[in-house]
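The values are calculated or read from the model by the stated rules, or taken from the named source; none is laboratory data. On a predicted model such as this, the values are computed, not experimentally measured, just so you know. FYI the Cβ positions are ideal-geometry reconstructions off the backbone, even for glycines, and counts take in every protein chain you see.
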Amino acid sequence: MLESVASRQAALGARFPQWPSRSLDGMLAWAAEAFANNDFVVTDKQVYSYAEMNLWVSKVAAGLQRSGVKSGDHVAVVMANYAEFVAVKFAISRVGAIAVPLNFLNRSNELAYLLAQSDANYLVTMDGFRGLNYLHMLDQIMPGWQQQGGGDTFPKLRQVIVFATGEVEPDNSAIDFASLELCGAHDDEKSHPEQGRQNAHAIADIIYTSGTTGGPKGVMLSHDMVLRAAYGSAYARAFGPSRRIQFSLPMYHVYGYVEGLLAVMYVGGAIVPQLKFDPLETLRAVTQHRVNDLLLIPTMTSAILEARKTLHTDFPSLNAMLSSGGKAPASLWPAINQAFGKLEITTGYGMTEATASTTVTRPEDPLDRLLTTNGRLRDVGIAADPTQNGLLVAYRVVDTATEQEVAPGELGELRIKGLGVTQGYYNKPEATAAAFDDQGWMKTGDLGSIDTDRYLRLLGRTKESYRCGGEQVLPFEIEALLMDQPRVIEAFVVPVPDQKMGEAGVGFVVVSGPVNLPSLKVICAEQLARFKVPKHLLLIDAADVPRTATGRPQKFLLVERAMVALGLSAE
């Protein structure tokens, strides 16, 4: 039986009566003393306690140091949710370097751009994963990388270290991750980098935005920022002792990284990371590893519910679920409790620039809050910015035409400020300057409203809105209507040029069975103003929707797809 939300939050507050300013590896060192024998990283192959992970991190850090990694160096990491990701991530902190975790689905040209833009000095990469051969990519963009690193093409990149996944033929001429560990293991422990010596306010990570409306930008996050956000996650969702969280969301993104990996450390909990999402495997692992909590995006949640129908078993350990990162059909929330019994279901809203989720529904909130909001401005206890009334990230809603704050409940652009907000984008001073208004509030680019109880309702992005016949159209309203129709799982509306109206809407729909598109258009015409009705409706498979790491659609790519499909541009 779970203790009440209030009692769990009180227990967290008692353990941390004031904010402990630490670096990432300092936090691990603290947890390794406080929860030495608790499980920390749980995989099907092996379980690592906090003490074991801390020792492993020290060995990897010593190996990095002997390989030449120095304080302030940028270490790019291309790695899926292996336990080794955790080890190298904390090891980078322990030597005082900056981690640059990259999307492992990037192709060679994308990888080349990110390595150059981030000024990467070292690269730790898998050799192969899910059909991608990273060694071949490196051969294409920096021939001779095994001996000379980035060479003339990437002169700042001094060395590449390869983690063998067993999926491709190994390159025996490359420096492998195993030898890095062995190198550190042979060192005397006294020669290992000192634990927790890094400045908590130094940059810990450069994490690239997923890019819903454009190319990636490197968001700079400090140790203190990500740890405050992680504590805030544990506090707002009322983590109990030894909470076990399972996710397949990649740890190169703040969702899996902050809400999962870092958040469990405050209660001596464990993560159960998966290399890829599979709903049946997820449910199997819930039982096998006694998982308490799942981190999901709505499309994953829907797949879990479908898989649940095929299983005749209970999941007694599971008592919580965070489903966030995209639009969810109204039917999703009651279906979760019907499938799993009464869970503490939460949803929220966040962005890389604000470190992680900045709003979340409360575990005890009624179903209506899940149906009608994107969470409440997140209470974070002692991790709050002292200037922001109990919040790590404060919000204001602004009329972009007048730059004036609007009244509660009214629509405007969401803007943010506080200790959880990035100071800017790496090596992009113009983009950084453009991201902030004259009063220092960061422009999120998202449209929404915040009511008097501090609950947020997200209505889309400023760059996704368009004008049809001079009238502004917010795709969110149309998408919600389409998703209310039978067998429509997801809907995405984007603009394309139109000779008569200036811009016209194109609706992409993901369906679970036969759907009559002309009938859907009639429904839109009956319930929406004429200028809001999509001119075209197109079917799309869920797998073909271009998405960010957290499942949000990349609408600029859907615009390109629509124009090709409608013959408005060449492929």
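Some notes on this structure:
- Residue 313 fulfils the conditions (1) among the β-branched types (Val, Ile, Thr); (2) under 21 Å from residue 231 (Cβ atoms); (3) surrounded by fewer than 22 Cβ atoms within 10 Å (Cβ to Cβ) except for a single criterion, (2).
- Scope region 31-72; condition within 25 Å of the chain's Cα centre (by Cα) and assigned to a helix (DSSP H, G or I); matching residues: 31, 50, 53, 54, 57
- Selection status of residue 207, closer than 30 Å to residue 493 by Cβ and assigned by TED's automatic domain parsing to the domain that holds residue 364: no
Table: residues versus (1) under 26 Å from the mean Cα position of the chain (by Cα); (2) surrounded by 14 or more Cβ atoms within 10 Å (Cβ to Cβ); (3) not assigned by TED's automatic domain parsing to the domain that holds residue 523.
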position	(1), (2), (3)
393	yes, yes, yes
402	no, no, yes
408	no, no, yes
436	yes, yes, yes
439	no, no, yes
444	yes, yes, yes
484	no, yes, no
487	no, no, no
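- Total residues in region 21-53, condition out of contact with any strand residue (DSSP E or B) (no Cβ under 8 Å at 6 or more places or on another chain), surrounded by 17 or more Cβ atoms within 10 Å (Cβ to Cβ) and closer than 21 Å to residue 203 by Cα: 7
- 1 or more residues closer than 30 Å to residue 423 by Cα and not β-branched (Val, Ile, Thr): qualifying strands (runs of 3 or more DSSP E) within region 277-391: 293-296, 320-323, 348-350, 357-360
- As a summary of the residue check, residue 124 satisfies the conditions (1) in contact with a Phe, Trp or Tyr (Cβ under 7 Å, 6 or more places away or on another chain); (2) farther than 20 Å from residue 23 by Cβ except for the one numbered (2).
- Among the conditions (1) in contact with a Pro (Cβ under 7 Å, 6 or more places away or on another chain); (2) over 23 Å from residue 236 (Cα atoms), the only one that residue 323 does not satisfy is (2).
- Residue 113 modelled with pLDDT of 95 or more and of a type in the set (Phe, Trp, Tyr): no
- Strands (runs of 3 or more DSSP E) fully within region 434-513 that include at least 2 residues being in contact with a strand residue (DSSP E or B) (Cβ under 6 Å, 6 or more places away or on another chain) and over 24 Å from residue 416 (Cβ atoms): 466-468, 488-498, 502-511.
- Any hit, region 415-426, residues being farther than 30 Å from residue 73 by Cβ and touching a helix residue (DSSP H, G or I) at 6+ places or on another chain (Cβ under 6 Å): yes
- Any chance residue 460 is crowded, with 19+ Cβ neighbours inside 10 Å and at positive phi: yes
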